[in-house]
Amino acid sequence: MALGAAFVAAACSSSAPNTDTSTSLEPDTGVRAGAPAKPQASAAKTEPAGPVFREVTIPAGTSLPLRLTTAVASDTSRVEDSISAELTNPVTIDGREVLPAGAKVTGVVATADGAGRVKGRAQVALLFTSVSGGGQRYDINTELFSRQASATKGEDATKIGIGAGAGAAIGAILGGKKGAAEGAAVGGGAGTGVVLATKGDEVRLASGADVTTRLTAPLTVRVRVNN
């Protein structure tokens, strides 16, 4: 009887539920039930937007005020010599700067004629073919910029006249009327000789000289519209 009661007590003890109150791990997560949730990772930082550009067209006829950075001369420059200049003022369209002051402009010597004797005044002509701005280089079509030496006809006539007058005066002293006539012819010839032997002025444009040209065709450039 006592032995049977002991077996019953042992069976009840083995079937009693587990009363362990320790916190168990949640399946597959490794996080204990009831533990505070970890904060979510912050959203990925948004990369700043890159520069935005738009195309702007500079119309034909727009003036380009330039300052030469190379020297040019009618007696030393040669056709197709490279030249360079820079914009002295910015080019603006609708209040927005599209080409900055200081933008580099390049081109070539189109004409270089030295001074002749009596006929043929010295002249130079420049053709600008490209401009750089905003990190871009653009081909451009422009008017020729030309410069011609001043005429010397008045000075030539004075030289010839002085020569003739001086010859007449000397001839009169030496031989009367006949001498005066002969002296005038000789004097006139001497004056003419001075003119024929003298070349006219040359055209020289130093580095730093201001010149102006105009676009003969529209020019489309890319302009940055954000910071």
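The values are calculated or read from the model by the stated rules, or taken from the named source; none is laboratory data. All values reported here derive from a predicted model rather than from experimental measurement. Neighbour counts are summed over all protein chains in view; Cβ atoms, including those assigned to glycine, are modelled from backbone coordinates with ideal geometry.
Listed here are the residues, each with its yes/no results for (1) part of a strand (DSSP E or B); (2) surrounded by 13 or more Cβ atoms within 10 Å (Cβ to Cβ); (3) among the β-branched types (Val, Ile, Thr).
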residue	(1), (2), (3)
ASP75	no, yes, no
VAL79	no, no, yes
ALA85	yes, yes, no
VAL98	yes, yes, yes
ALA110	yes, yes, no
GLY120	no, yes, no
LEU126	yes, yes, no
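In the stretch 129-149, how many residues are assigned to a loop (DSSP other than H, G, I, E, B) and at pLDDT 85 or above?
Count: 6.
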